[in-house]
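**Q** What follows is a single structure, and I will ask about it in a moment.
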Amino acid sequence: MAIKRTSNNSVNNAVKLSTGFSSAAIPNSPTIGTATAGEESATVTYTAATLGATATTFTATSSPGSITGTGSSPITISALTGGTSYTFTVTATNANGTSAASSASNSVTPTGFNGVPSFYSIASYTVPSDTGSVVQFTSIDQTYKDLMIIIRAGATYGGAGGGSGGRFYLNNDLTAKYTWAYINGNGNGSSSGVTSGGYGPTSNWDFGASWASNVNSFMSSIFILQDYTNTSKLKTWRNITGLYCGNGTNSGTAQYSGLYNSTSAITSVQFHHGSATGSDGNLREGSQIQLFGIKG
Amino acid sequence: MPAAATFELIRAYTVPSNTNNLALNSLSQSYDHLLIICNILSASPGEGLDYYMRCNGDVGSSNTYVSTRMGATPGGTFSTVRQNTGTTSYQLFYSAAGSNAGDWTAGQIWIPYYTNTVGTKSILTYGGSKAETGKTSGNYGGTSAITAVSFSSDSGFTGNAYIGAGSIFTVYGIKGA
């Protein structure tokens, strides 16, 4: 190479620097390329200097805001403000220091964050008659992170002196893997008691206060089953529930949380009233249940 | 067929001036469930406020609105339950005794199947202030679809204008398959 035939020290130094043998120099400035707007972000391209010391890091810096991004070309700069116009410069850095900034890029204006749809309807069911028993959703889509279930349900049980709550279980599993805790307020009057407690392990979950003795009673409940497809952890659940018994008497409000002692993905959910087989009362005609998927 | 996204903003309202009767009318009937997220600024000079909701402007009759609320206050007894079988409105949250102007109460109100005309409407809420947390559930006895909701800090919607300017009410519609 012609450059090796000269004895000029500065040129020799340049050769040494370009091959990384000198340890005293900082890199030359990169050449700015093109900036492109993104969603609350931008990318900027650059070309590293062909002569001079080797750079180990390239940094793009916004103006305004001095928001930075590092990496190889193209560099992504995140956390920009949508609707604001930005230009960018790029610097090169090695152990000896940082180069002067490149010239500024073209101006770009990122868009605001558009969001990602994350809440989807999976299935709905309306109980067609009082003679139905267990309501179940099977082959539940496994592409979401959490399940939300919204219920408005009545009971067919009208026996005097009491009733039983809404219950559910998972994966058709009626073994003793379900535990839960709750706080429950009920009664008629200006001030009545609150109870709290926990149950388990049992073969299914209670998710609502007692339906008492009134066939006109019904309840609503909103469930979250978290991380339901994760096969490396046990499954947790929580819900808020309200019960109405045709008047103030015995109406109540409750909040539950619980654990399903299984690492299996949840592929089916079963609902019923009373015992696991619905023998003391079924979900009333017109009861409605909807299943939603929430992406993480 | 891929499932559709079904959680949509249908109303966002910031209270422009203190009021005791805030109405959100002409609610879309295209969904199955309503979720109302509210952040209410107290304009009361120095007392706890109960917040109330009325559906379809219905002032009702006996047991038109039934709510059971359990609440807990810091450092106090575990909880109390207050049941309201009022005729004119549904009891929501409580900002707790001693709350002053400038204190915030935040809450969520769920009305599952609000367009259902077969039966009455169940309501679930939870929320509170820095001084009390609570959960309420109950019923609105009307069988018509809910097309409007209104809010007050007084059960009769006749008291002082204590829902403060800057309070925020956001309504979402949720649609099932």
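**Q** Could you check the stretch A:224-241 and list, in sequence order, the residues that are in a strand (DSSP E or B) and over 17 Å from the mean Cα position of the chain (by Cα)?
**A** A:Asn239, A:Ile240, A:Thr241 - these are the residues of the stretch A:224-241 that are in a strand (DSSP E or B) and over 17 Å from the mean Cα position of the chain (by Cα).
**Q** With respect to A:Gly246, is the statement that it is modelled with pLDDT under 85 and in a loop (DSSP other than H, G, I, E, B) true?
**A** yes
**Q** Select, from B:Asp50, B:Asp154, the only residue that is within 14 Å of chain A (Cβ to nearest Cβ), at pLDDT 85 or above and surrounded by fewer than 20 Cβ atoms within 10 Å (Cβ to Cβ).
**A** B:Asp50
**Q** Being at positive phi and among the aliphatic types (A, V, I, L, M), is that true of even one residue in the stretch A:37-53? First the steps, then the outcome.
**A** Here is the first cut: in the stretch A:37-53, the residues at positive phi are A:40, A:52.
Adding the requirement that they be among the aliphatic types (A, V, I, L, M) leaves none.
No, the stretch A:37-53 contains no residue that is at positive phi and among the aliphatic types (A, V, I, L, M).
**Q** Mind checking which residues of the stretch B:92-145 are at pLDDT 90 or above, within 10 Å of chain A (Cβ to nearest Cβ) and within 13 Å of B:Met53 (Cα to Cα)?
**A** B:Gln108, B:Trp110, B:Ile111, B:Ile123, B:Leu124, B:Thr125
**Q** From the list B:Ala12, B:Ala43, B:Ala72, pick out the single residue that is of a type in the set (A, V, I, L, M, F, W, C), modelled with pLDDT of 85 or more and buried (at least 16 other Cβ atoms within 10 Å of the Cβ). Steps first, please.
**A** Numbers: B:Ala12 fails: buried (at least 16 other Cβ atoms within 10 Å of the Cβ); B:Ala72 fails: modelled with pLDDT of 85 or more.
The unique qualifying residue is B:Ala43.
**Q** Give the residues of the stretch A:89-142 that are outside any strand (DSSP E or B), within 14 Å of another protein chain (Cβ to nearest Cβ) and surrounded by 19 or more Cβ atoms within 10 Å (Cβ to Cβ), sorted by residue number.
**A** Once the filter is applied, which keeps residues that are outside any strand (DSSP E or B), within 14 Å of another protein chain (Cβ to nearest Cβ) and surrounded by 19 or more Cβ atoms within 10 Å (Cβ to Cβ), the stretch A:89-142 yields A:Val127, A:Ile140.
The values are calculated or read from the model by the stated rules, or taken from the named source; none is laboratory data. Just so it is clear, the model here is predicted, and its values are computed rather than measured. FYI the Cβ positions are ideal-geometry reconstructions off the backbone, even for glycines, and counts take in every protein chain you see.
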